[in-house]
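What follows is a short report on a single structure.
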Amino acid sequence: MLMFSATAVGAPVKSLPARGTWDVDMINSDTTGYTGKGVYVAVLDTGLAPNWRDYFPVKSIMTDLGKGFKEEIKWNQATQSFVESGYVHEVSYIGDIGSTHGTHVTSTILGYSYYAPADAAAGLAIPPLHINGVAPDVKIIPVKVLADYSIGVSHTDPVNYTTMKFVMGTDRAVAAGIVYATDLARAGYAPMVITMSLGGPAPSQVMEDAIDYAIDNGVIVVASAGNEGDAGMGWPGAYPQVISVGASGWKYEWYGPDHAAPPPSFRLWWLQDDTWGFNDIPEDATALVDEVYVASFSSRQLEGQQLDVLAPGTWVRGPYPGYPGYAHLPWWSSGIAWLVSVNPGNFYYLGGTSMSAPHVTGVAAQMLEKNADLAQADVEQILKETALPIPAGEMSIFDISPSPGYYTFSWEDNATGSGLIQADMALDAVA
């Protein structure tokens, strides 16, 4: 089964002013007093962009343990489908040119260095900042299980695969990554969380066996629920033993300071800063419920599937260099190319349950910092029991896609799981 993501060395990063974001504020992960110190997180994704040092501290990325896994596949012209070889080989953890999805996922957990000249061009001249992550002191092990593939223009399927190049993975490649990370945990790199912002349309025995192997050896496994809406969850998120995460959003996305209504949309709404973008999120649970909606793309739970919790996953800002295609300008550079090149900035808003899962991963890492003996069932139970219940409902939201305007989002109970994770409550519940 094919798996898809739910979407050069730079100058040394010096101490920068630190700021939070709407998504971190919504789950209160910045108020717990825990940072994930002593915890390892294996990010099974597209690996890291070649210029990852522009965003993350070198000490936070375990380059000596980074690894990739790829299964070769062929295109069957007669059946118009891919044929898997059954053989997985090792590759680098450095991402290929097709996507830097894994870099964005990692940034939610660790935080990142941020500077975008396009902000200044829009009249918002903010200095370079450090954006706070959910668990900034974890050690990241990049494991690439989604890689570049090419099938040639004459074999392109005009319906399902409209271009020659793809970023994807296979069940065997993902399973190999899970086993690799688990073996590291068994060797002493523990406690560990495996996070997977990926999914496929059907269950897989080889992947479920790998997940069970991880859980049986004390590894916490988190996965995105999928971006298929009413069509249901993807796998591995749909497995009941996996902590699965749907995507929630915020009522005041794109609003200006003090909830000044758009249009025009406010560029820095995502930044929790009282000078440039402060739009505070309520601490009171009752008030917060009234500002949370469930994204229309977030996969709903169907019969035989289990959706556990929600986390922010609509407009999450983070490093996404080289989109489309890998073209990079260092964040500390300057010049007109920042504004007119193919990739005019290194940062991008991404939406998907791919963005939700690393929020839960970061909170799980905080929980393991407090009690390294927590098992998968413990972490899942605590996250669900302390989540903020989100009832079925609908909400009118200002959105810039497909065009700026107000859109009505609605959802039922099968879209919410136990509710929106609350890090402070979860940490209080950890013995």
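Values in this text are rule-based calculations from the coordinates and carry no lab data. Being a predicted model, the structure only gives us computed values, none of them experimental. Glycine gets a Cβ as well: all are built from the backbone with ideal geometry, and neighbour counts include every protein chain shown.
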Sequence neighbours fewer than 8 away in the same chain don't count; with that in mind, list the lysines whose C-alpha is under 27 Å from residue 139. 14, 37, 59, 67, 70, 370, 384
Between residue 290 and residue 260, take the C-beta separation as r, use R0 = 25 Å, and let me know the FRET efficiency to the nearest 0.05. 0.85
For the chain, what is the charge dipole size about the Cα centre, in debye to the nearest 20, if Lys and Arg each add +1 at the Cβ and Asp and Glu each add -1 at the Cβ? 1460 debye
Among 301, 240, 275, which residue has its Cα positioned farthest towards the positive end of the charge dipole of the chain, with +1 placed on the Cβ of Lys and Arg, -1 on the Cβ of Asp and Glu, and the dipole taken about the Cα centre? 275
How large is the Kirkwood hydrodynamic radius of the chain, in angstrom, based on all distinct alpha carbon pairs? 21.5 Å
For the pair residue 395 and residue 18, how long in nm is the line joining their label points, each one 7 Å along Cα→Cβ? 2.8 nm
Quick one: give the max-minus-min coordinate of the C-alpha atoms of the range 243-296 along each principal axis, largest first, in Å. 36, 25, 19
